[in-house]
Amino acid sequence: VQLQASGGGLVQTGGFLRLSCVVSTKIFSSNVMAWYRQAPGKQREVVGIITSSGSTELVDSVKGRFTISRDNAKNTVYLQMTSLKPEDTAVYYCNTMHAIADIKAYWGQGTLVTVSS
């Protein structure tokens, strides 16, 4: 299983980052993929999803600021984040849409995004 997220870092409020996540072929090709995040002391939450055809849905808190895309040839999903806010600070993960309900799901290390005020 490969769920390798990268691209995180420290940015100022209003800044931008682009996260990438390389996924195992078996997982990537047959699933709706999702980006998740887990802020310090909080539960992991869904940020948005993307279908195999590229349709996306994002949670209200990031609509208009974040964009999800995928490159099927590279087994990679992306999260373009703009107008970042301190409340976006979290470890970001990618996984299948159903992983959040699977207590045995493998999550990988994620990538830390820190937004300074």
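So if each residue of separation counts as 0.36 nm, and I subtract the Cα-Cα distance between Gln38 and Ser53, what length gain in nm does that give?
On the way: separation 15, 0.36 × 15 = 5.40 nm, distance 2.66 nm.
Full-extension gain reported as 2.7 nm.
Computed over the Cα atoms of the chain, pair by distinct pair, the Kirkwood hydrodynamic radius stands at 14.0 angstrom.
Charges only on Cβ, +1 for Lys and Arg, -1 for Asp and Glu: so what's the dipole of the chain about the Cα centre, in debye to the nearest 20?
Approximately 140 debye in magnitude.
Based on protein heavy atoms only, segment 68-117 ends up with 52 Å² per residue of surface accessible to a 1.4 Å probe.
Hey, quick one: spin label on His98, modelled 7 Å out along Cα-Cβ, who in segment 12-31 has an amide N within reach, i.e. under 15 Å? So the set is 26-31. Which residue, Ile103, Ile50, Ile27, tops the fluctuation ranking in a GNM of the chain built on C-alpha contacts under 10 Å? Taking springs between Cα atoms under 10 Å, the residue moving most is Ile103.
Expressed in units of 2.2 N^0.38 Å, where N is the residue count, the Cα radius of gyration of segment 5-70 is 1.18. Averaging the sequence gap over all C-alpha pairs within less than 8 Å and six or more residues apart, then dividing by the number of residues, gives the chain a relative contact order of 36 percent. Ranked from largest to smallest solvent-accessible area, with a 1.4 Å probe on the protein heavy atoms, Ser55, Ser20 come out as Ser55, Ser20.
Which trypsin sites (Lys or Arg not before Pro) from segment 1-49 combine a DSSP loop assignment with at most 11 other Cβ atoms within 10 Å? Working shown, then result.
Details: sites: Arg18, Lys26, Arg37, Lys42, Arg44; in loops: Lys42, Arg44.
When the trypsin sites (Lys or Arg not before Pro) of segment 1-49 are filtered for loop state and at most 11 Cβ neighbours within 10 Å, Lys42 remain.
The values are calculated or read from the model by the stated rules, or taken from the named source; none is laboratory data. Since this is a predicted model, take the numbers as computed values, not measurements. Methodologically, a virtual Cβ is constructed for each residue, glycine included, from the backbone with ideal geometry; neighbour enumeration extends over all protein chains shown. For accessibility, only protein heavy atoms count, side chains too; no ligands or nucleic acids. Shrake-Rupley method; radii C 1.70, N 1.55, O 1.52, S 1.80 Å.
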